[in-house]
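One structure is given below, encoded as structure tokens.
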Amino acid sequence: MVSPCLKQTWTVMGVLLNMFGQGMVLSYPSVILPALLSPHSIIKAEFHEASWVASCIGFAGIPGFLSSSFLMEMYGRKKAHVAVLIPGIVGWLIIYFATSISVLLCGRCLCGFAAAATVSLGAIIIGEYTSPKNRGMFLNLKTVAVCLGNMAVHILDHFFNWKTIALIAVIPHILALVIILTWPESPFWLASKRRFEESQKSFYWLRGNNKRAILEMEDLLRTQKEKLSQYPEHVDNSNMIMDFIRKFKDRSFVKPLIIVCFAGLLLESCGRHIFPAFAMQIIGEITSDKSQSFYYTLGMDTIITASALFSSYLVKIMKRRTLLLGSGFIALFVLFCVCLYMLLSAKGIVSNERTWIPILLFTAYFILSNLGCTPIPLALLGEIFPLAHRGAGSCVSGFILCIYLMMAMQASSYLLVTVQVYGTFAVFGLLMGISLIALYVILPETKDRTLQQIEHYFQTGKFRHDNLGIDEVNMKMLSS
């Protein structure tokens, strides 16, 4: 008999392999940009064209988020995940066979489409398929998988050219596809579609039939039956559009969306996607020795991945808010210290020969930011939207995150040239500070809460402390 924990782990592995591939997509500019700008490149590109190769994934991610939101609501989490993985596989193959900048951009756009489509979809799947006890750890492991993907590209760059790396990047997507085909459908989605018996079967397969699982299942069914009784069984397209517009007047939709806005801004401003994409350039400027950039980058990749893995343990023993805000404000202080030191070094006020000082400070910064600022904003996507708003929330959140990513990638290309590394990170540091202050005010604590309890909070403004909504009589009946 396979334990529920192993079943949940197997399910999550499909998401994590996809996140590994997403990490390869994000860090691929560190490989392709130097190759394109090289005098010996087989594909000739100007600087502005090469910058679009890096940033186009943000633009391509908008339809990715929109399509995944539609597919997950209409056809379920499993089929949606399969559908959005295929463009990623095709995209890498197009990059491998590319002979012009336009074809290369097409491949990158398809990879960006698939990567964006699975950001919130993967978080929602982990949130719905795993128990509250394991949910935080599994959601944080998404960040570990992305970090490993970043590291893999930087290591492969030392041994292979950009075409071979594109071909290797297909492997994690294919493995993810194989695992996803073995999944049951999400019990939460099945319940929202009035398929209650299938929902119970899927839920108990994933969670087991212990007392707490039974109570959570009963609460899910009771809540969904109450909500579905207020809506017709079949809704036409015009009603769907009006329902989407009405969501922006619903407190339980707007408040999570505001949290996502600031959490997404924090994710981009802490350098999560900037450093992997421009790692060689950043390290080369800090050390003034590009010949050693690979080893410094590999060392920082290892440390960043280890800190993200450690965060997966910390999230089990610490509250989300404490971990996010505590590590975030300390990381911000370290970031401003390194920016100040590099500014003084550039002005000749302090010696620029002690390159180990900014390297050490940047290492400390990335360790701290990967404890909370990177994993928790992505984890929130799988927790904070009520079931009725999950598709629409994913859609709107995805649009916001794609805009952030595109702006960060495009701006970084020019900021690193004009105001150098210290100016670039100082700008992002200011945005990071604003985000942390906002989240301090509006972010609730979700550790060990069921999705139903979190949903109740955003509807009423307070957490429910009863027995998962089960009255005392039913509680005794279920216990017996």
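Got a sec to turn the phi values of segment 5-22 into Karplus ³J(HN,Hα) couplings, 6.51 cos²θ - 1.76 cosθ + 1.60 with θ = phi - 60°, whole Hz, x for Gly and Pro?
Result, ordered by residue: 4, 5, 5, 5, 5, 4, 4, 5, 4, x, 5, 5, 5, 5, 5, 4, x, 5 Hz.
Which cysteines does the chain leave without a neighbouring Cys Cβ under 4.7 Å?
Among the cysteines of the chain, those whose Cβ sits 4.7 Å or more from every other are CYS5, CYS56, CYS106, CYS109, CYS111, CYS147, CYS261, CYS337, CYS339, CYS395, CYS402.
Can you sort ARG449, ARG354 by solvent-accessible area, 1.4 Å probe, largest first?
Of ARG449, ARG354, the descending order of accessible area is ARG354, ARG449.
Pull up all non-local amide H partners of THR446: gap of 5 or more, or a different chain, and H-to-H distance under 5 Å with H placed in the peptide plane.
ARG320, ARG321
Which lysines have a Cα lying under 17 Å from the Cα of LYS78, excluding residues fewer than 8 positions away in the same chain?
By straight Cα distance, LYS78 reaches LYS7, LYS193, LYS201.
Within the chain, which is the longest segment containing none of the GluC sites (Glu not before Pro) that sit in a DSSP loop and have at most 16 other Cβ atoms within 10 Å? Could the numbers behind the result be given before it?
Values: sites that count: GLU46, GLU233, GLU353, GLU445.
No qualifying site falls inside 47-232, the longest such stretch.
Return the lysines within reach of LYS347: Cα separation strictly under 17 angstrom, same-chain partners fewer than 8 residues apart disregarded; answer none if there are no such residues.
Straight-distance partners of LYS347: none at all.
P(r) tail for segment 376-470, what percent of Cα pairs lie past 15 Å?
When every Cα pair of segment 376-470 is considered, 71 percent fall beyond 15 Å.
Sum up the charges of everything whose Cβ sits under 15 Å from the Cβ of GLY76, counting Lys and Arg as +1 and Asp and Glu as -1, but leave GLY76 out.
Here the charged neighbours net out to +4.
Using each residue's phi in segment 188-195, evaluate 6.51 cos²θ - 1.76 cosθ + 1.60 at θ = phi - 60° and report the 3J(HN,Hα) Karplus result to the nearest Hz, with x for Gly and Pro.
Result, ordered by residue: 5, 5, 4, 5, 5, 9, 6, 9 Hz.
Along segment 377-392, what does the Karplus equation 6.51 cos²θ - 1.76 cosθ + 1.60 (θ = phi - 60°) give for ³J(HN,Hα), rounded to whole Hz, x for Gly and Pro?
Each residue of segment 377-392 in turn: x, 6, 5, 4, 4, x, 10, 8, 7, x, 4, 5, 10, 5, x, 5 Hz.
Let me test this: with uniform point scatterers at the alpha carbons of segment 142-261, what is the Debye-based log₁₀ I(q)/I(0) at q = 0.13, 0.21 1/Å?
So the normalised log intensities are -0.87, -1.15.
Which of the following values of Cα extents along the principal axes in Å was calculated from the structure shown: (1) 65, 59, 55; (2) 75, 47, 46; (3) 76, 55, 48?
Checked against the structure: label (2).
With the cut-off at 21 Å, report for segment 153-222 the share of all Cα pairs above it, as a whole percent.
Of all Cα-Cα distances in segment 153-222, 50 percent exceed 21 Å.
When only DSSP loop residues count, what chymotrypsin sites (Phe, Trp or Tyr not before Pro) in segment 133-222 have their Cβ near at most 15 other Cβ atoms within 10 Å? Working shown, then result.
On the way: sites: PHE138, PHE159, PHE160, TRP162, PHE188, TRP189, PHE196, PHE203, TYR204, TRP205; in loops: PHE159, PHE160.
Passing both the DSSP loop test and the Cβ count: PHE159, PHE160.
So for segment 269-412, averaging the separation of alpha carbon pairs under 8 Å that are six or more residues apart and normalising by length, what relative contact order in percent results?
About 32 percent, as a whole number.
The values are calculated or read from the model by the stated rules, or taken from the named source; none is laboratory data. Just so you know, these numbers come straight off a predicted model, no measurement behind them. Note that we place each Cβ from the backbone using ideal geometry, even for glycine, and neighbour counts take in every protein chain shown. What goes into the accessible areas is simple: the full protein's heavy atoms, side chains included, and nothing from ligands, DNA or RNA. Shrake-Rupley method; radii C 1.70, N 1.55, O 1.52, S 1.80 Å.
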